[in-house]
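Worksheet: one structure, shown below.
The values are calculated or read from the model by the stated rules, or taken from the named source; none is laboratory data. The structure presented is a predicted model; accordingly, all values stated were derived computationally and were not measured. Ideal geometry is used to build each Cβ from the backbone, glycine not excepted, and the neighbour counts take in all protein chains shown. Heavy atoms of the whole protein, side chains included, go into the accessibility calculation; ligands, DNA and RNA do not. Shrake-Rupley method; radii C 1.70, N 1.55, O 1.52, S 1.80 Å.
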Amino acid sequence: PCIFLLGGKGTRYSKINEPPKQLIKLSKKTLLENIMIGFIKNKINHFIFPLGNKKKYFESFFLKKKKILNKKINIIKNPTEIINNKKINIFLFDAGKKSTKLTRIKKSLKYFKNAYFFTTYGDGLANIDFKKYYKLIQKYKPNIISSKKVKSQYGHLVIKKNNIIKSFLEKPIMENPINIGYYFFRKKDFSKYYNKKIELEGKFLNIMIKKKLIKVYNHDGYFFNIDKKTDLQKIKSEKKKFLKYLWKQH
């Protein structure tokens, strides 16, 4: 299964009483659909949504949506219901408006028996190479965090001693890659180190790193994240790249 973390307020993109960014249209499909399609094309058809803020928008969306990629949507009402491999299986539940991302994942674990699961945020598009991803899983059987080297959005100064500027770099590729939000966890490891007082991107990941329980999938393909409305203007300026990504996905 794949757990989508959609329960935040999302106030950097829209007001609390406005539709969430995951449901904006990019091309003819929503951002959320485009992300789901990447998983569906790779035979992942079980999606869990621990909702919180703006849950009515997501519930309404899935109740009205009949198909994705010509596959019928199966809204699971009973968590113990057998997954239909010919359909896209959706389970929605209220995880609480104040739940952290880590707690949303923890509350989702009781709704499936699998030993492993995916997690993603729902606002980042990436054409993940699942063949490469699965090779990493088969080799190490690890927990996985995905990363990508990106350009800085700023110009950088290289400074020598005495505040002398050595050179200026216009939006260079940053040395350290960023987390692009496509995780793969082993349920027993996640449960062992879960703590309701910590957050996913903070102490939890550092614990996993310290215990040497997590590997990195280095993504060298397409990635685009929508955090605020100005990001929509940026994606329009990269229209060719985005449409190429959509074409590969669909």
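Out of ASN225, PHE49, THR100, whose Cα points farthest toward the positive end of the dipole of the chain (charges: +1 Lys, Arg; -1 Asp, Glu; placed on Cβ)?
PHE49
Stokes-Einstein at 20 °C, 1.002 mPa s, Kirkwood radius from Cα pairs: D for the chain in µm² s⁻¹? Intermediate values should be presented prior to the final figure.
Working: Rh = 19.5 Å.
The Stokes-Einstein estimate is 110 µm²/s.
With θ taken as phi - 60° and the coefficients 6.51, -1.76 and 1.60, list the Karplus ³J(HN,Hα) couplings across region 92-100 in order, rounded to whole Hz; mark glycine and proline as x.
My calculation for region 92-100 gives 10, 8, 8, 9, x, 5, 9, 5, 6 Hz in order.
Based on the mean of other Cβ atoms within 10 Å per residue, sort peptides 175-185, 27-37, 75-85, 138-148 so the most packed one is first.
Numbers: 175-185: 17.7, 27-37: 19.6, 75-85: 11.4, 138-148: 16.2.
Output ranking for 175-185, 27-37, 75-85, 138-148: 27-37, 175-185, 138-148, 75-85.
Can you pull the percent of region 71-220's accessible area that's carbon plus sulfur, 1.4 Å probe, other chains left in place?
On the way: 5020 of 9600 Å².
Carbon plus sulfur share of accessible area: 52 percent.
For ILE75, enumerate residues with amide H under 5 Å from its amide H, sequence gap 5+ or separate chain, H modeled in the peptide plane.
Result for ILE75 returns ILE90.
Which distance in Å, rounded to a whole number, links the C-alpha centroids of region 21-94 and region 186-214?
27 Å
Short version: ³J(HN,Hα) in whole Hz for each residue of region 59-67, in order, from phi by Karplus 6.51 cos²θ - 1.76 cosθ + 1.60 (θ = phi - 60°), x for Gly and Pro, what are they?
With the stated coefficients, region 59-67 comes to 4, 5, 4, 6, 5, 8, 6, 9, 9 Hz.
Write down the radius of gyration of region 1-150 and its Dmax, each obtained from C-alpha positions, in Å.
Rg then Dmax for region 1-150, in Å: 15.2, 46.
Which ³J(HN,Hα) values in Hz, rounded to whole numbers, follow from the phi angles of region 124-134 under the Karplus curve 6.51 cos²θ - 1.76 cosθ + 1.60, where θ = phi - 60° and Gly and Pro get x?
Those phi angles translate into x, 9, 8, 8, 4, 7, 5, 4, 5, 4, 5 Hz.
Dipole size in debye (nearest 20) for the chain around its Cα centre, Lys and Arg Cβ +1, Asp and Glu Cβ -1? The partial results should precede the final answer.
Working: 61 positive and 16 negative charges, 76 e Å.
In total the dipole reaches around 360 debye.
Normalising by the residue count of region 1-160, find the relative contact order in percent from Cα pairs under 8 Å and 6+ residues apart. Write out the running numbers ahead of the final one.
Numbers: 196 pairs, mean separation 49.5, N = 160.
For region 1-160, the relative contact order is 31 percent.
From the square roots a ≥ b ≥ c of the eigenvalues of the alpha-carbon gyration tensor of region 146-232, which class results: rounded (a/c under 1.5), prolate (a/b over b/c), or oblate? Let's see the in-between values first.
Values: a/c = 2.47, a/b = 1.79, b/c = 1.38.
Since a/c reaches 1.5 and a/b is larger than b/c, the shape of region 146-232 is classed as prolate.
Suppose every K and R has +1 on its Cβ and every D and E has -1 on its Cβ; what is the size of the dipole of region 1-138 about the Cα centre, in Debye to the nearest 20?
Details: 32 positive and 7 negative charges, 38 e Å.
Charge dipole, region 1-138, about its Cα centre: 180 debye, nearest 20.
Please work out the average accessible area per residue across the chain, using the 1.4 Å probe convention, and give it in Å². Numbers along the way, then the final one.
Values: 15000 Å² over 250 residues.
Per residue, the chain has an accessible area of 60 Å².
5 Å is the cut-off here: which amide hydrogens, built 1.01 Å from N in the peptide plane, fall below it relative to ASN127, excluding neighbours closer than 5 in sequence?
Long-range HN contacts for ASN127: TYR222.
If the convex hull of the alpha-carbon atoms of region 71-113 is projected onto planes in all directions, what is the mean projected area in square nanometres? Display every interim value, and only then the final one.
On the way: hull surface 14.1 nm².
Answer in nm², one decimal: 3.5.
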